[in-house]
Number of protein chains: 2
Amino acid sequence: MTTEQLTTQALEARIDVAALGEQLLGRWADIRKQARALSGSEAVRGIPGLSMDEHRERVLSQLHDLVDAKAVHRAFPKRLGGEDNHGGSIASFEELVTADPSLQIKAGVQWGLFGSAVLHLGTEEHQDKWLPGIMNMEIPGAFAMTEIGHGSDVASIGTTATYDPDTQEFSINTPFKAAWKEYLGNAGLHGKAAVVFAQLITAGVNHGVHAFYVDIRDGNGFLPGVGGEDDGLKGGLNGIDNGRLHFTDVRIARTNLLNRYGDVAIDGTYSSPIHSPGRRFFTMLGTLVQGRVSLDGAATSASKIALQIAVTYGNQRRQFNATSDTVEETLMDYQRHQRRLLIRLARTYAASFAHEELLEKFDGVFSGATDTDADRQDLETLAAALKSLSTWDALDTLQEAREACGGAGFIGENRLTALRADLDVYVTFEGDNNVLLQLVGKRLLTDYGQEFRQFNAGVMARYVVKQAENVALHRTGLRSVAQFVADTGDERKSANFFKETANQRALLTDRIKTMVAQIADEMRGVDPKDRAAGAAVFNENQNALIAAARAHGELLRWEAFTTALEKTTDAGTRTVLTWLRDVYALCLIEENLGWYLMNGRLSMQRARTLPGYINILLARLRPHAQDLVDAFGYGPEHLRAAIIADDRESKRQDEAQEYYRRLRASADTPVDEKVLIAREKAAKKAAQQGSKKKK
Amino acid sequence: MTTEQLTTQALEARIDVAALGEQLLGRWADIRKQARALSGSEAVRGIPGLSMDEHRERVLSQLHDLVDAKAVHRAFPKRLGGEDNHGGSIASFEELVTADPSLQIKAGVQWGLFGSAVLHLGTEEHQDKWLPGIMNMEIPGAFAMTEIGHGSDVASIGTTATYDPDTQEFSINTPFKAAWKEYLGNAGLHGKAAVVFAQLITAGVNHGVHAFYVDIRDGNGFLPGVGGEDDGLKGGLNGIDNGRLHFTDVRIARTNLLNRYGDVAIDGTYSSPIHSPGRRFFTMLGTLVQGRVSLDGAATSASKIALQIAVTYGNQRRQFNATSDTVEETLMDYQRHQRRLLIRLARTYAASFAHEELLEKFDGVFSGATDTDADRQDLETLAAALKSLSTWDALDTLQEAREACGGAGFIGENRLTALRADLDVYVTFEGDNNVLLQLVGKRLLTDYGQEFRQFNAGVMARYVVKQAENVALHRTGLRSVAQFVADTGDERKSANFFKETANQRALLTDRIKTMVAQIADEMRGVDPKDRAAGAAVFNENQNALIAAARAHGELLRWEAFTTALEKTTDAGTRTVLTWLRDVYALCLIEENLGWYLMNGRLSMQRARTLPGYINILLARLRPHAQDLVDAFGYGPEHLRAAIIADDRESKRQDEAQEYYRRLRASADTPVDEKVLIAREKAAKKAAQQGSKKKK
């Protein structure tokens, strides 16, 4: 197919940008729009180049602005002025990333972690006592879980809370330096209280990690027994006062234990509605899953901002004369530029649709509508998988966008470097991505003995709320291996093969199933009593397990994208989105082409057609690139990149074009030396031919 | 093989760290050591957290310190106090990155770009007039090449220098906004002069881009006709005052044209020793290749710093109890951690050895020892390929190192985020990497008709100075495709296959050759007169061409690593380095496994053994990880990461260990609830069994 044919074909489909924008906004569209209006306002948005101290002060005062705008109360109980709206609360919170990630994360610390711990781990009494002050920022607070020595392994933290029946108090202690609480937002400067996670010890028994409400500062600084340090400058998020805390016999009332999942009576007797200490621990931690859910959304929003900037610039910027002496090529017309940006655009769409499903699941669990143990486990797995992928992807997309804008991408006024610096820590906080993916991998192994073996049911279908409608779709199953290998390499046939939804599903699903089965096989041989041997085999398969978990997250996204296609009613939009979904799927297959080939899932002939087919899809998508980023719906007040403000790049080029046009029309234009040389050559040739003729 | 067997085998080999360190330092070891001593000194190193203004002031004054230390004169002529030592000058310059990348790049602007332009594009008269002031910082200067509208395409810049025979002056003009000079170090604040690149117009002819020496500021600011703006805050390198410049009929003497490659006589007659304007342009630009050469070295040094920090920490830090209740696992023992860091370590070694060869080549050309047209072309290609790879790799390695240090990696005092922010722009300045790789790709296409077709000669061999000794080694050639596919999947046989130098070479070389041949085939069919069709076919192969260029750079590195192995005399060191080289090669093959399989270069069986064999090599390397990073030779004064200072992580863990040890030994230790439950269960079971017996 020629480029012209492709362009004609591509232009036959038209995106309904407004409708697609609404679809992307999802169930909480109105709340998102409110949050975007707020995030774009002068008062709430970040100011580049502030010093750390200025930035911290500004963000602190902006938190009060959020309170005034009633932007942060939605997740809290109605009786305290909230809305009991969990999904809506997260949707609103995510959009704050476009204002300033420091603002977002400081808000997340205050209401999403500190406040949520009181809400979910405390009882009504605790909520009534502290939530009003937390909601209105009278009590800025820290979420004191992580320690210097233990981040990923929370169960092993060293801080102790020992019950003293004589005084009916807990004594909070930091027994060694590694047990200092670390990286806590609000701890460096502004926090007046903290929810402190500590080993609960009473009557000579350690009942594991529990949460305690502890006052840490008054107007004069740290309270007696509390100490700490400021974390100082960080790689980003410098509007937040992260810091360290330590405790020396800090006495708190018995009732400061947030005791929903474990309580200590006056006499020191421990009780809990959950008998197993392990399950109790994971239940408590599970109530805090919203951190991961919201980071998935925020990271995806950051990717959207990056792509909206880079694609808009790529549609204006020109460089190098390939086809004409007078008009240079637009960057987005270069195949490489399409590969760099449109593949990431496809991934961001997939992430956006997957996030919306995650948010629905989260809301189902936290509203109580669909809140079984299985639902909570599914939510954990989904959040871990999607948060890992989208936070890494945000860094990758922001960086590619910055490079695609060249030197201008590195200039502060063009936003991308600061956003990337802020988002950096998203990949390791609220769960280090490599650790989270192992959680996902372990879940895959657990499920392997169960329904995962029957992989004709879609994986995402298990997780989403309304799954019945999708079942029929998922019964297509997997074609046999032999059939793949026998396939011929005819290009059109291959393109048809690759664009079939059922084939994409089969290829993506089968890879996960096979990888998990292989790891399960490896582990099956180990004596369950031999701990060292078990650990060794697990470690030998660690990388493969993480790869399987990542593939699982990618499949979840692909399924969400595919479900979204079914909900897209405008035909033109659906056509273009289908190409985009195909690009997402086929790039995943291309990335893992070695696996598909060495395991006989694709024939050599068919595999060889894949890169070319992806390039054709990219060329088809190219005329729609601007519509696809415009549908994200962010305005100049969110993008805030000088490089694309007021079409200034286009205007500069028009000015230059006009200058050269007038120059060419003028009489005293300097002639290009190259033209002169060409003329000389031609003249010489003519003279030679003339002299030959004479002879 | 069990982990124990592996460990035993690994420990049989021992690295001679000092000798390996010397080998890495290369030919200019003494100069590097001097530069490292200087870079680690209090005066020259960066201070984190300075404001932009403070940082700029500090770096400016540090440039004077460099002059005083005689650290920046080496490349300049002996008659002016220099040493005519080009390789040594770059070696020294590269090490400055460990002090502060802002310092390095500002020094690079002053002496490597501004000064070098006068040195290489000017005549002895120009040198004598301006170099002394440039060398001693009396004349801080800018290198005014890039414009807002044209970065990668220098030939199309808009600034004009029009000769006026009446006054015997050039008039420098910025005809439109897009022709403003942009991103120029020293232009924002400190620059007194600039080498301005402009279209030279005389007697009605435009002779293309030439360089002019232009005074821009005196004590009172911009000189008449000169204007500009400060670029302000950037994503990094904020110790440099980047800015924009524009010119309105700025008059300079005729003799301010740096006229080595093109001159204008008093009457306006143009003359040049190079007839072809195209060749003249590339010759002038080629004299500035040292920017790329030095960035390759600096980026590789930054990767070394990152790995030395992350591996040292990974050898101290523990997390999760996998094998024991009392001792947690060391991070470096996790397979995933090995994958993350040791693969990048292998790549950094390859980059380091390749850079040393590049530097030798550079010195050969610039000293005049081996300075033919072919040498200069080879140097250009080498520099473009290696600079692209190493600058991207530095960002990737710094980021992985930061993530491998968890939250601590994000804290400013641990260095990694700031270094990454500074290095970011290295991937797009001195040639955008995607553009540079296309230059490499075009060279591969040009060569394809020539010697590249006979690929039994190594590729690197063409480029390095002393190639005779290697020829024998390169005659091994490529085994036939059929043979690969027929290979069995026996694990040991596969391991033997993969570790053979000749097979690695064959696989890596064949891929490039085949890719280039395919692209050449696609382009062959196009009518050379049809410019649009030619551009279209080139564009359709752009991504493939860049992939081939990247593969070529990787092969260059692999060959340099292999050559270095031959020069490694200590047997233990050579054994370990060979594993490391194998990891580098096999990871490249693993990354492109899809290609090798779909093109029949590897059998499915053999391919399936590859990931496992890489994991085995990583486990073998693991005990040597610390030696391998220690050999880079950077001290605490260069690393400056609190996280590994004074072994504080180890000490904290020892303190915690000791606390728990004493607790276990004490009588009033709290019992873990889990233990209690286990005891209860056991007691219940015993009671049941007892009652059963009674019955």
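The DSSP beta bridges internal to chain A are antiparallel in roughly 80% of cases. Of all beta bridges that DSSP places with both ends in the protein assembly as shown, some 80 percent have antiparallel geometry.
Mind checking the mean number of beta-carbon atoms from other chains within 10 Å of the Cβ atoms in B:665-677?
4
Just to be sure I follow the definition: excluding the sites themselves, where is the longest run in chain A that has none of the GluC sites (Glu not before Pro) in a DSSP loop with at most 11 other Cβ atoms within 10 Å? Kindly include the intermediate steps, with their values, before the conclusion.
Numbers: sites that count: A:E42, A:E138.
In short, A:139-695.
With label points defined 7 Å past Cα in the direction of Cβ, position B:Y448 shows copy-to-copy spacings of 4.5 nm, given to one decimal and shortest first. Temperature 37 °C, viscosity 0.692 mPa s: under these conditions the Stokes-Einstein estimate for the stretch A:289-668, based on its Kirkwood radius over C-alpha pairs, is 146 µm² per second.
Out of the trypsin sites (Lys or Arg not before Pro) in the stretch B:311-350, which ones are loop residues according to DSSP with at most 16 other C-beta atoms within 10 Å?
On the way: sites: B:R317, B:R318, B:R336, B:R339, B:R340, B:R344, B:R347; in loops: B:R317.
Listed in order of number, the matching sites amount to none.
Each Lys or Arg adds one and each Asp or Glu subtracts one; over the other residues with Cβ under 13 Å from the Cβ of B:A211, this totals +2. In this calculation the C-beta distance from B:E637 to B:E138 is compared with R0 = 35 Å, giving a FRET efficiency of 0.70.
Could you work out how much longer the chain between B:R27 and B:V205 gets when fully extended? Use 0.36 nm per residue separation minus the Cα distance between them, nm to one decimal.
Numbers: separation 178, 0.36 × 178 = 64.08 nm, distance 4.72 nm.
The B:R27-B:V205 span can extend by a further 59.4 nm.
Loop-only check: which trypsin sites (Lys or Arg not before Pro) in the stretch B:610-659 are DSSP coil with at most 15 other Cβ within 10 angstrom? Qualifying residues, ordered by number: none.
When you look at the Cβ of every residue in B:596-608, what mean number of other chain Cβ atoms sits within 10 Å? Don't skip to the answer; put the middle values down first.
On the way: counts 4, 9, 15, 3, 1, 0, 3, 1, 7, 1, 1, 5, 4.
Taking the mean over all residues of the peptide, I get 4.
Relative to one another, the C-alpha centroids of the stretch A:173-235 and the stretch B:218-281 are positioned 59 Å apart. Placing a label point 7 Å from the Cα of A:A682 along the Cα-to-Cβ line, the residues of the stretch B:198-225 whose backbone N sits under 20 Å from it are B:204-208. Across peptide B:391-403, the mean count of Cβ atoms from other chains lying within 10 Å of each residue's own Cβ comes to 2. Couplings 3J(HN,Hα) for the stretch A:221-230, derived from phi with the Karplus relation 6.51 cos²θ - 1.76 cosθ + 1.60 (θ = phi - 60°), are x, 4, 6, x, x, 9, x, x, 9, 8 Hz, where x marks Gly and Pro.
Charge dipole of chain B (Cα centre as origin; +1 on each Lys and Arg Cβ, -1 on each Asp and Glu Cβ, all else neutral): 3340 debye, rounded to the nearest 20.
With +1 on each Lys and Arg Cβ and -1 on each Asp and Glu Cβ, and nothing else charged, work out how big the dipole of the stretch B:649-694 is about its Cα centre, in Debye to the nearest 20. Spell out each step's value before the answer.
On the way: 13 positive and 8 negative charges, 138 e Å.
Using Cβ point charges on Lys, Arg, Asp and Glu, the stretch B:649-694 gives about 660 debye.
Rounded to the nearest whole Hz, the Karplus-based 3J(HN,Hα) values (6.51 cos²θ - 1.76 cosθ + 1.60, θ = phi - 60°) of the stretch A:28-40 follow the sequence 9, 4, 5, 5, 4, 5, 4, 5, 5, 4, 5, 5, x, with x at glycine and proline. Per residue, the stretch B:649-694 exposes an accessible area of 81 Å² to a 1.4 Å probe, with every protein chain left in place.
Just how large is the dipole of the stretch A:289-668 about the Cα centre, in debye to the nearest 20, putting +1 at every Lys and Arg Cβ and -1 at every Asp and Glu Cβ?
The calculation lands at about 780 debye.
Rounded to the nearest 500, the helix-only mean residue ellipticity at 222 nm of chain A stands at -18000 deg cm²/dmol, with each DSSP H run of n ≥ 4 adding -39,500 (n - 2.57).
Amide H contacts of A:E182: A:T146, A:E147, A:I148, A:L245, each under 5 Å away and 5 or more positions distant or on a separate chain (H built 1.01 Å from N in the peptide plane; Pro and chain starts excluded). Sorting the segments A:369-375, B:198-204 by their mean number of nearby beta carbons within 10 angstrom, highest to lowest, gives B:198-204, A:369-375.
In order along the stretch B:409-424, phi translates into HN-Hα couplings of x, 8, 7, x, 5, 9, 6, 5, 5, 5, 5, 5, 4, 5, 6, 3 Hz, rounded to whole numbers, per the Karplus curve 6.51 cos²θ - 1.76 cosθ + 1.60 with θ = phi - 60° and x for Gly and Pro.
Extending 7 Å from the Cα toward the beta-carbon at both B:E229 and A:R664 defines two label points whose distance is 2.9 nm. Only lysines eight or more places from A:K129 in sequence, or on another chain, were considered; those with a Cα closer than 16 Å are A:K78, A:K192.
The values are calculated or read from the model by the stated rules, or taken from the named source; none is laboratory data. Everything numeric in this text was worked out from a predicted model, so none of it was measured. When we count neighbours, we look across all protein chains shown, and the Cβ atoms used for this are built from the backbone with ideal geometry, even at glycine. These accessible areas exclude ligands, DNA and RNA; they are computed on the full protein's heavy atoms, side chains included. Shrake-Rupley method; radii C 1.70, N 1.55, O 1.52, S 1.80 Å.
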